[in-house]
Amino acid sequence: QVQLVESGGGLVQPGESLRLTCAASGSIFGLIAMGWYRQTPGKQRELVATLTRSGTTNYVDFVKDRFTISRDNAKNTVYLQMNSLKPEDTAVYYCNFRTTALNYWGQGTQVTVSS
């Protein structure tokens, strides 16, 4: 059974950085892409960044040039480096592994950006 566990969230001040980590346990077959999403209360979960199996990255406009998604294939781990954080980046961040069969989600990690 595949489980995704996120870590690295926390409280930071505007302009600071955080790195989120998502480690997958179990065997993953048919991986299409890894991704990070975020959600704030009362809103739908929204895409932040994706990284395909072939290495193509995609970012939404509001994080371009600030966030970087990367992976360690040997560890089945995906990262989200977040720089120049803004208060509007405050959210629960979820990682996602999309396969040909299933979509796997982590439990989420809270990121709060506040002075």
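The values are calculated or read from the model by the stated rules, or taken from the named source; none is laboratory data. Because the structure is a prediction, the values reported are computed rather than measured. Cβ sites come from the backbone with ideal geometry, for glycine too, and all protein chains shown count toward neighbours. Ligands, DNA and RNA are excluded from the accessible area calculation, which covers all protein heavy atoms including side chains. Shrake-Rupley method; radii C 1.70, N 1.55, O 1.52, S 1.80 Å.
What to note about this one:
- Meeting the requirement of 1 or more residues that are hydrophobic (A, V, I, L, M, F, W, C), open to solvent by 60 Å² or more (accessible area, probe 1.4 Å) and over 19 Å from Val92 (Cα atoms), the strands (runs of 3 or more DSSP E) wholly within region 1-80 are 31-39.
- Selected residue [over 11 Å from the mean Cα position of the chain (by Cα) and either modelled with pLDDT of 95 or more or β-branched (Val, Ile, Thr) (or both)] from Gly35, Gly30, Gly26, Gly10: Gly10
- Whichever residue in region 82-115 is among the small types (Gly, Ala, Ser) and in contact (Cβ under 8 Å) with a residue 60 or more places away in the chain and, among such residues, is most open to solvent (accessible area, probe 1.4 Å): Ser115
Conditions tested, residue by residue: (1) over 21 Å from Glu16 (Cβ atoms); (2) in contact with a Cys (Cβ under 9 Å, 6 or more places away or on another chain).
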| site | (1), (2) |
| --- | --- |
| Leu31 | yes, no |
| Arg38 | no, no |
| Gly42 | yes, no |
| Asp61 | yes, no |
| Val78 | yes, yes |
| Thr99 | yes, no |
| Leu102 | yes, no |
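- Look at region 20-49: where a residue is of a type in the set (Lys, Arg) and a partner is open to solvent by 50 Å² or more (accessible area, probe 1.4 Å), sitting 6+ places away or on another chain with Cβ atoms under 8 Å, you get Arg38/Arg45; Arg38/Glu46; Arg45/Tyr37; Arg45/Gln39.
- Cβ pairs under 7 Å, 6+ apart, first in region 3-18 and over 26 Å from Phe97 (Cα atoms) and among the charged types (D, E, K, R), second modelled with pLDDT of 95 or more and open to solvent by less than 30 Å² (accessible area, probe 1.4 Å): Glu16/Leu85
- Selection count where residues are within 30 Å of Ser27 (Cβ to Cβ) and either part of a helix (DSSP H, G or I) or touching a helix residue (DSSP H, G or I) at 6+ places or on another chain (Cβ under 9 Å) (or both), scope region 81-91: 1
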